[in-house]
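Shown next, in structure tokens, is the structure this report addresses.
What follows draws every value from the coordinates through simple rules; no lab data is involved. What you see is a predicted model; the values in this text were computed from it and never measured. Note that we place each Cβ from the backbone using ideal geometry, even for glycine, and neighbour counts take in every protein chain shown.
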Amino acid sequence: MTTVAGARVETAVRGTSVPGAASHGESSHGAAPHGAGSRARTVALVGVTATGKSAAALRVARSTSPGLVELVSVDSMAVYRGMDIGTDKPDRAVRTEVRHHLLDVADSADDFSVRAFQREATSALERITTRSHHALLVGGTGLYLRAVTDGLQFPGRFPDVAARLADELESAGPPGSESRRQGVAGLHRRLGLLDARAAGRMEPTNERRVLRALEVSIGAGRPFSSFGPGLERYPATAVAFVGIRPDIGALDRCIRERLERQMDSGFLEEVRSLAARPRGLSATARQALGYRELLTHVEEDVPLREALAEAQRRTRAFARRQWAWFRRDPRIEWVDSVDVAVVRVVDHLTADGRPRVGDCRGR
């Protein structure tokens with residue numbers, strides 16, 4: 001993952017978005033009144049999965065003047081239409097009450113890249129600023145967040161290389177099959193020979209990321225991870241970061257209970273419906289937590305109990321990788337509960353440029 005850290009968020013926002021552009025992936029609202037002279041601010045609320053970020057963000061929006069705070073989802077899978085239950089998207093009533101952005105911006109049969117997310121998110125931020133509203137970025141996809149807040153730049157595309165790799169993988173077997181997974185693992189081993197650093201940063205089963213890293217390493221003739229310094233730098237930014245520190249002891253229970261709730265809400269039926277569509281799910285969408293495992297049940301007759309156990313295992317591993325990612329960022333102010341997170345985010349959005357002291361229990 002690669003990249004060059006760049007401009008402050010206001011540079012990224014104003015440099016790439018178009019005033020008055022059509023809105024994508026945002027709920028429909030008229031502009032709410034905003035106090036004259038208020039300065040629009042951007043805050044990022046981050047943390048690992050199942051720590052209550054979305055609930056906290058909604059509380060922040062409800063605690064301020066109606067319409068004043070708009071939420072920008074930073075979730076690489078919530079961008080897909082139809083993937084609702086497994087990504088815990090807010091329902092229509094909530095999205096009518098509070099404006100949300102970057103939800104349902106892509107068909108689940110298509111791939112939606114970090115570049116596309118960066119473009120849409122910076123455009124959304126510009127529209128929010130134009131309305132003199134505050135933006136609250138909320139989510140746990142770390143690379144997508146930094147693409148927006150740090151103006152990351154990404155390597156180019158190498159279509160011929162990508163096509164050869166895709167053909168090679170296609171010959172291994174259909175998506176979701178064991179032979180396909182073995183093919184991805186083989187490509188990951190090849191990546192390890194070209195760029196051990198990049199290979200070590202990703203799951204050997206993550207088809208999309210393995211293919212992209214190999215495409216760049218082969219096409220550019222240099223390691224994918226050499227496109228930097230990017231992720232090793234944490235530049236100054238106008239964005240304030242607040243993170244909810246995970247309770248590792250309780251996290252596994254929260255993950256299990258959330259999956260149980262999702263299953264009770266029709267998660268399996270949602271996956272069956274998506275899989276039955278003519279174009280199915282894209283390689284990227286198929287990697288979503290829970291979806292990948294339920295697809296093995298739907299398409300390969302893996303016992304449901306085994307699929308759910310694997311979904312929980314992979315989600316736990318993912319949460320620990322998220323924590324390792326976020327805790328390296330010295331700009332994040334860490335708090336120990338949703339309640340304190342709400343207080344600190346509101347402080348950052350409403351204070352006169354200076355964070356208040358004593359409201360949080362630690363960084």
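Take the alpha-carbon centre of the stretch 176-201, take the same for the stretch 50-115, and report the distance between them in whole Å.
32 Å
Of SER265, GLY176, VAL335, which is farthest towards the positive pole of the chain's charge dipole, taken about the Cα centre with +1 and -1 on the beta-carbons of Lys, Arg and Asp, Glu respectively?
It is VAL335, whose Cα lies furthest towards the positive end.
Taking neighbour counts of Cβ atoms within 10 Å as a proxy for exposure, in what order, fewest first, do LYS53, LYS89 appear?
Values: LYS53 23, LYS89 20.
In increasing order of surrounding Cβ atoms, one gets LYS89, LYS53.
Counting other beta carbons within 10 Å of each residue's own, what order do ILE248, ILE218 fall into, fewest first?
ILE248, ILE218
If the chain were replaced by its equivalent ellipsoid, with semi-axes equal to the square roots of 5 times the Cα gyration tensor eigenvalues, what would those be, largest first, whole Å?
Output for the chain: semi-axes of 33, 24, 20 Å.
Only bridges with both residues in the chain count here: give the DSSP antiparallel percent, nearest 5.
Once the DSSP bridges in the chain are tallied, antiparallel ones form about 5 percent.
Name the residue from VAL345, LEU274, ALA50 whose Cα lies farthest towards the positive end of the charge dipole of the chain, charges +1 on Cβ of Lys and Arg and -1 on Cβ of Asp and Glu.
My answer, from the dipole projection, is VAL345.
Charges at C-beta only: +1 for Lys and Arg, -1 for Asp and Glu. How large is the resulting dipole of the chain about its Cα centre, in Debye rounded to 20?
1080 debye
Arranged by the count of other C-beta atoms within 10 angstrom, fewest first, what order do THR42, THR350 take?
THR350, THR42
Among MET77, ALA311, GLN322, which residue has its Cα furthest toward the positive end of the charge dipole of the chain, with +1 on Lys/Arg Cβ and -1 on Asp/Glu Cβ?
The Cα lying farthest towards the positive end belongs to GLN322.
Suppose the Debye formula is applied to equal point scatterers at every Cα of the stretch 250-324; what is log10 I(q)/I(0) at q = 0.25 Å⁻¹?
-1.22
When the Cα atoms of the stretch 159-226 are enclosed in a convex hull and the volume is divided per residue, what value in Å³ results?
Convex hull of Cα atoms, per residue: 67 Å³.
What dipole magnitude, in Debye to the nearest 20, does the stretch 250-324 give about its Cα centre under +1 on Lys/Arg Cβ and -1 on Asp/Glu Cβ? Intermediate results must be reported in sequence, preceding the final value.
Values: 15 positive and 12 negative charges, 85 e Å.
Magnitude of the dipole: close to 400 debye.
Pick from THR130, THR296, THR149: which residue has the top mean-square fluctuation in a GNM of the chain where Cα pairs under 10 Å get a spring?
Highest fluctuation among the options: THR130.
How far apart, in nm, are the 7 Å Cα→Cβ label points at ARG328 and SER171?
Using points 7 Å along Cα→Cβ, the separation is 3.6 nm.
Using 0.36 nm per residue, how much length does the chain from ALA275 to ALA236 gain when fully extended, once their Cα-Cα distance is taken away?
Taking 0.36 nm per residue and subtracting the Cα distance, the gain is 9.7 nm.
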